[in-house]
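See below for the structure under consideration.
The values are calculated or read from the model by the stated rules, or taken from the named source; none is laboratory data. No experiment lies behind these values; they were computed from the predicted model shown. Note that we place each Cβ from the backbone using ideal geometry, even for glycine, and neighbour counts take in every protein chain shown. For accessibility, only protein heavy atoms count, side chains too; no ligands or nucleic acids. Shrake-Rupley method; radii C 1.70, N 1.55, O 1.52, S 1.80 Å.
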Amino acid sequence: MIKIIKFTVLVVVLISCQSNQNKVVSKGEKYVVSNNLLQFFINYAWNDSIGTFYSEIDNEGKIVSDKVYTVASSRLIYGLAYASQTNQDYLEKATRTFQFQKNHLIGTNKQGYYSLSFAKEPTPTSFDVWQQAYGLCGVSELYRITKNIDLLPTIHDLHKGFIRKFRDPNHKGFWGEFKNGQGVTGSKSLQSLLYPLTAYMINLWNADTVHKTNYEHQLAENIALLYQHAWNEETSWANVKFNDDWTVQKTEENKCAFTVTPGHNFQLAALLLRTASFDFISKENKTKYEALGKHIIDITLQKKIFHLNDISNGFYSEVNPNTNKIIDTRKTWWQHAEAIIALSLYKEKYTREQEDLEEFFYTTFTDRIVGGEYFYVTENDKPITTELKGSIGKSTYHTIEMLRFIEHK
């Protein structure tokens, strides 16, 4: 009889879990998604003896390696620091993870301070803009939340080292890679202009008010370059790869020499709309930037990127900009987060579309049984579990950032 009762309870629990997995998350339950994500890493990736998180975690919570990557760690600091506004328990782990980063993931050379890719990495000879920018992501948010001035020396050292390595004094903006003491030709990209701003520089400008003029020139410069070069009206897609003078990389047939993602369209639009709050940009430029940001969203929502032509089904991951042919029908978590951010900045025009996309995001990418979230799902929304839930760059950033924009905190 006892065995029958136990079996019945187990079945009820499993059914409940499955039901919860498919449950529609209401607007008031967004932090269920946030806490689910953060607790996944706390439960499975945290090592209290070293005071940080392992980075590579599979879909069942198993630690795949003992690697501690800068980007994954920094993005965890961002998520924990932001969420500490409603749960102070997160702040202690954010602080300890930063201390590990400071002690084990930062080096210095002739150009100044830099982030290692991972703990115990041999002295690097090349640096990519993605890892260096996101090395500042977490500590900038930790400072915004705590206003602990002891964080500023590390922030300022890393920022100065970043500018010295990546800024191109001739054509402006940033190189995508720095190697052997110079920017690498052919490495300029949408990401090398965009990511430093969205990863840390705008957040730092908002938080480090005493030194905000240190960031304004670079912010204004990159945004002007993005406005001038990043949008391709002919293809209605963001330009992704550039030559050293910021002309677009093209094939011999004068076609775009790259593929595109809808997520980058939304990410570019969101940045342009965010300039409305930048007091160092002229009113005239703000008007131009806002108009282009809205234009990009309008056009992207009209594209045939949505499964069954319905935004509530999410959108595909990759497109050929020359033909508009879908070349990857998987759906990616970060791209949907960026789309929701962009729609939230459009001042109520796409409220229904935003709500549809939020519901899709919460119910599709969030794993409420094991915890965490899926990187990809298939065209028909089946989770792709071969992609790790925790990796070199995946932890908590994009989802927590999305929630931050929605909640306006």
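Check whether at least one residue in the stretch 218-233 is among the aromatic types (Phe, Trp, Tyr) and without any contact (Cβ under 8 Å) to a residue 60 or more places away in the chain, and report yes or no. No, there is no match, as no residue in the stretch 218-233 is among the aromatic types (Phe, Trp, Tyr) and without any contact (Cβ under 8 Å) to a residue 60 or more places away in the chain. The set of residues in the stretch 101-145 being free of Cβ contacts under 8 Å to residues at least 60 places away in the same chain, assigned to a helix (DSSP H, G or I) and within 12 Å of Tyr69 (Cβ to Cβ) consists of Gln101, His104. For the stretch 357-374, a tally of residues being closer than 19 Å to His307 by Cβ, part of a loop (DSSP other than H, G, I, E, B) and open to solvent by 10 Å² or more (accessible area, probe 1.4 Å) returns 1.
Hey, can you tell me all the residues within the stretch 139-171 that are more than 18 Å from Asn109 (Cα to Cα), in contact with a Phe, Trp or Tyr (Cβ under 8 Å, 6 or more places away or on another chain) and among the charged types (D, E, K, R)? I'd like the intermediate steps shown before the answer.
Let us first name the residues in the stretch 139-171 that are more than 18 Å from Asn109 (Cα to Cα), namely 139-152, 168-171.
Then drop every residue that is not in contact with a Phe, Trp or Tyr (Cβ under 8 Å, 6 or more places away or on another chain), which leaves 139-142, 145, 151-152, 168, 171.
Within the stretch 139-171, Glu141, Asp168 meet the criteria.
Among the residues of the stretch 39-55, the ones that are open to solvent by 10 Å² or more (accessible area, probe 1.4 Å), in a loop (DSSP other than H, G, I, E, B) and either aliphatic (A, V, I, L, M) or in contact with a helix residue (DSSP H, G or I) (Cβ under 8 Å, 6 or more places away or on another chain) (or both) come to 1 in all. Specify the residue that is nearest to the chain's Cα centre (by Cα); the eligible residues are those in the stretch 155-210 that are open to solvent by less than 10 Å² (accessible area, probe 1.4 Å) and basic (Lys, Arg). The residue in question is Lys188.
Quick check on Lys303: is it loosely packed, with under 14 Cβ neighbours inside 10 Å and either basic (Lys, Arg) or within 21 Å of the chain's Cα centre (by Cα) (or both)? No. The residue that is farthest from Ser55 (Cα to Cα), among those in the stretch 375-403 that are surrounded by fewer than 21 Cβ atoms within 10 Å (Cβ to Cβ) and among the polar types (S, T, N, Q), is Asn380. Evaluate the stretch 240-247: report whether one residue or more is closer than 20 Å to Ala276 by Cβ, touching a Leu at 6+ places or on another chain (Cβ under 7 Å) and touching a residue at least 60 places away in the same chain (Cβ under 8 Å). Scanning the stretch 240-247 turns up no residue that is closer than 20 Å to Ala276 by Cβ, touching a Leu at 6+ places or on another chain (Cβ under 7 Å) and touching a residue at least 60 places away in the same chain (Cβ under 8 Å). Across the stretch 1-38, the qualifying residues are those that are open to solvent by less than 40 Å² (accessible area, probe 1.4 Å) and part of a helix (DSSP H, G or I), and the one among them that is modelled with the lowest pLDDT is Gln21.
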